[in-house]
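> Before I ask anything, here is the structure I am working with.
The values are calculated or read from the model by the stated rules, or taken from the named source; none is laboratory data. Quick caveat, the model's predicted, so the values are computed rather than measured. Positions of Cβ are generated from backbone atoms using ideal geometry, with glycine treated the same way; all protein chains shown enter the neighbour counts.
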């Protein structure tokens, strides 16, 4: 399960590879070295993309917490255990099913993911990236949560493909 990835920081990469403006920082800064509950970027369909106005882009990049926080959560700490959604159970697990049902799909821009290599008997972080060094887009889901003070917080999770034993 991927709990660590490298986000992209170069604003031009958002435009060139994802055809979207980089997320507005507004006094916040996304992290390049991403762990659960860190602030990072995700790309979603613009909520007004269907209005037919050429001024509205089809996609937008936002900052959010890595680790999905559904609307019913008590606080943001749930993101420590919801950074990955398994494709086999994403429609039924309480943490992910509303985002899935409402088609809150997103792309998580990344330069690399890190997975443990157990061949030595100990977990050694192994960097996995594209051979050409370009960014990749990871399938994800996003949601929003309203804090007790009324602040809207966006969050996202990676969707991981399942493995089936035959």
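> Could you check the range 83-111 and list, in sequence order, the residues that are in contact with a strand residue (DSSP E or B) (Cβ under 9 Å, 6 or more places away or on another chain), touching a residue at least 12 places away in the same chain (Cβ under 8 Å) and over 14 Å from residue 40 (Cα atoms)?
Taking the range 83-111 as the starting set, the residues that turn out to be in contact with a strand residue (DSSP E or B) (Cβ under 9 Å, 6 or more places away or on another chain) are 83-87, 90, 93, 95-96, 98-100, 102-111.
If we keep only those that are touching a residue at least 12 places away in the same chain (Cβ under 8 Å) as well, we get 83-87, 90, 95-96, 98-100, 104-111.
Once the filter is applied, which keeps residues that are in contact with a strand residue (DSSP E or B) (Cβ under 9 Å, 6 or more places away or on another chain), touching a residue at least 12 places away in the same chain (Cβ under 8 Å) and over 14 Å from residue 40 (Cα atoms), the range 83-111 yields 84, 85, 86, 87, 90, 95, 96, 98, 99, 100, 104, 105.
Here is a yes/no grid of residues against (1) exposed (fewer than 13 other Cβ atoms within 10 Å of the Cβ); (2) closer than 22 Å to residue 6 by Cα; (3) at pLDDT 95 or above; (4) over 13 Å from the mean Cα position of the chain (by Cα):
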residue	(1), (2), (3), (4)
75	yes, no, no, yes
90	no, no, yes, yes
94	yes, no, yes, yes
99	no, no, yes, no
105	no, yes, yes, no
109	no, yes, yes, no
115	no, yes, no, yes
118	yes, yes, no, yes
124	yes, yes, no, yes
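> Which of (1) out of contact with any helix residue (DSSP H, G or I) (no Cβ under 9 Å at 6 or more places or on another chain); (2) closer than 19 Å to residue 84 by Cβ does residue 152 not meet, given it meets every other one?
(2)
> Can we say residue 56 is at pLDDT below 95, exposed (fewer than 15 other Cβ atoms within 10 Å of the Cβ) and touching a helix residue (DSSP H, G or I) at 6+ places or on another chain (Cβ under 7 Å)? Quick ask: steps written out before the conclusion?
Details: at pLDDT below 95: yes; exposed (fewer than 15 other Cβ atoms within 10 Å of the Cβ): yes; touching a helix residue (DSSP H, G or I) at 6+ places or on another chain (Cβ under 7 Å): yes.
The answer is yes for residue 56.
> Related question: Only one of 67, 140 is at pLDDT 95 or above, closer than 21 Å to residue 43 by Cβ and touching a helix residue (DSSP H, G or I) at 6+ places or on another chain (Cβ under 8 Å). Can you tell me which?
Working: 140 fails: touching a helix residue (DSSP H, G or I) at 6+ places or on another chain (Cβ under 8 Å).
None of the others qualify; the one that does is 67.
> With respect to residue 80, determine if the residue is surrounded by fewer than 19 Cβ atoms within 10 Å (Cβ to Cβ), in contact (Cβ under 8 Å) with a residue 40 or more places away in the chain, closer than 25 Å to residue 100 by Cβ and over 14 Å from the mean Cα position of the chain (by Cα). Quick ask: steps written out before the conclusion?
Details: surrounded by fewer than 19 Cβ atoms within 10 Å (Cβ to Cβ): yes; in contact (Cβ under 8 Å) with a residue 40 or more places away in the chain: yes; closer than 25 Å to residue 100 by Cβ: yes; over 14 Å from the mean Cα position of the chain (by Cα): no.
No: the conditions fail for residue 80.
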